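Colleague: My structure is below; once you've seen it, I'll send some questions.
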Amino acid sequence: IKMMVNRTYETLVGVFITWVFLRVIDFIAFVQTERSRKGELNTDVQLIMFLRELGKVILATIGLFAILSNVYQLNITAIVTSLGIGGLAIALAAQETLANLLGSFIIFLDKPFASGDLVETPEFKGTVESVGFRSTKIRTLDRSLLIVPNKKMIDTYLNNITRSTQRRVKFTIGLTYASHREQLMQVVKEIKQVIDAHPQTIEETIVAFSDFKDSNLDITIIYFVNTNDWDIMIKVKEELNLRIMEAVERNGCRFAFPTSTVFVEQNKN
């Protein structure tokens, strides 16, 4: 009974000491996070959170081994050796998990994105909320939470929209075949002038008569909005769209829509 009481007491002491050190790690992480948010520290908040969790896992493991060795007099070397043999089998069975863990380190070292960045891949588009040991949380544009394995985040093409300096706008308008050549070219000229005159666009505008379609004459419009803000880009696009409509109407042209013309030939007999 005395031995059991002593071991219980020593175990509780070991657990308490480990708990104190875990709280110390939390306090250090909290201080560094506040410094980072105030601009006093050039470190990503998400990296601080990741290092905090990693440090707590390592410290908890050390605390467990210390209790087993000093309180229960177990041979830690033998335990580690046996874990090493079994760990090989576990590693083979958990290759994806290890790949995701490695991916988290690559994300924090290479820094392709940070928490709060708007990113786009061939499969999804959304805002990065957090990066963990295994996965990255993405808040999509429809407000759903997408959990993406870290391995996939580093293996795919990724466009960090937040870090871009301008936003590209590309679309096509179609005019009816009733538009004359002079009218069409005047519309193209005025659209380019309208876009170039806007204070939020840069001088790399492309407006050109591009295609003959089944029921319309296509004009391709490409321009860049000199901002990274989505709301500003949408507002600029709205203003220019209205001015493009005015230019089309001013020159006597009409927007086309899918139509078919049927010619009926009468028999003279």
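Colleague: How long is the gain from LEU64 to GLU204 if the chain were fully straight, where each residue apart is worth 0.36 nm and the alpha carbon distance is subtracted? Don't skip to the end; give the middle numbers.
Modeller: Details: separation 140, 0.36 × 140 = 50.40 nm, distance 6.32 nm.
Here the answer is 44.1 nm.
Colleague: For the chain, just say rounded, prolate or oblate: build the C-alpha gyration tensor, square-root its eigenvalues into a ≥ b ≥ c, call rounded for a/c under 1.5, and beyond that prolate if a/b exceeds b/c, oblate if not.
Modeller: Prolate is the answer for the chain, as a/c is 1.5 or above and a/b outweighs b/c.
Colleague: How much length is gained on full extension from ARG23 to THR77, taking 0.36 nm per residue of separation minus their Cα-Cα distance?
Modeller: Result: 16.6 nm gained on full extension.
Colleague: Quick one: what are the phi-derived ³J(HN,Hα) couplings along segment 211-222, Karplus 6.51/-1.76/1.60 with θ = phi - 60°, whole Hz, x for glycine and proline?
Modeller: Each residue's phi maps through the Karplus curve to give 8, 9, 9, 4, 10, 7, 9, 8, 10, 8, 10, 10 Hz.
Colleague: Place the peptides 151-159, 8-16 in order of packing, highest mean first, counting for every residue the other Cβ atoms within 10 Å and averaging per peptide.
Modeller: 151-159, 8-16
Colleague: Additional query: Once the dipole of the chain is set up with Lys and Arg at +1 and Asp and Glu at -1 on Cβ about the Cα centre, which of GLN266, VAL236, ALA178 lies farthest towards its positive end?
Modeller: Result: VAL236, furthest along the dipole toward the positive end.
Colleague: How long is the gain from LEU146 to THR172 if the chain were fully straight, where each residue apart is worth 0.36 nm and the alpha carbon distance is subtracted?
Modeller: Gain on stretching LEU146 to THR172: 6.1 nm.
Colleague: Calculate the spin-label point distance for ASN267 paired with GLN193, positioning each point 7 Å from the Cα along the beta-carbon direction, and give it in nanometres.
Modeller: Label-label distance for GLN193 and ASN267, simple model: 5.6 nm.
Colleague: In Å², what does the accessible area per residue of the chain work out to with a 1.4 Å probe?
Modeller: Value returned for the chain: 67 Å² of accessible area per residue.
Colleague: Would you mind getting me the FRET efficiency between THR97 and ASP155? Use the beta-carbon distance for r and R0 = 25 Å, nearest 0.05.
Modeller: With R0 = 25 Å, the Cβ-Cβ based efficiency is 0.95.
Colleague: Using DSSP to define loop residues, name the GluC sites (Glu not before Pro) in segment 150-207 whose beta-carbon has at most 14 other beta-carbon atoms within 10 Å.
Modeller: Numbers: sites: GLU182, GLU190, GLU203, GLU204; in loops: GLU203, GLU204.
Within segment 150-207, the qualifying GluC sites (Glu not before Pro) (loop, at most 14 other Cβ atoms within 10 Å) are GLU203, GLU204.
Colleague: Further, regarding this structure: When a/c reaches 1.5 or more, the comparison of a/b and b/c decides; with that in mind, is segment 153-213 rounded, prolate or oblate per its Cα gyration tensor? Mind showing how you got there, number by number?
Modeller: Numbers: a/c = 4.73, a/b = 1.87, b/c = 2.53.
It is oblate, given that a/c is not under 1.5 and a/b is not larger than b/c.
Colleague: Moving on. Which value at 222 nm does the chain reach when only helices count, each DSSP H run of 4 or more adding -39,500 (n - 2.57), with the total divided by all residues and rounded to the nearest 500 deg cm²/dmol?
Modeller: Helix contribution divided over all residues of the chain: -18000 deg cm²/dmol.
Colleague: Under 14 Å from a point 7 Å along the Cα-to-Cβ line of ASP218: which residues of segment 106-148 have their amide N that close?
Modeller: From segment 106-148, the list is empty.
The values are calculated or read from the model by the stated rules, or taken from the named source; none is laboratory data. It should be emphasised that the depicted structure is a prediction, and the values quoted were computed from it without experimental measurement. As a convention, Cβ positions derive from the backbone with ideal geometry for all residues, glycine included, and neighbour counts pool all protein chains shown. Areas reflect the complete protein model, heavy atoms only, side chains present, ligands, DNA and RNA absent. Shrake-Rupley method; radii C 1.70, N 1.55, O 1.52, S 1.80 Å.
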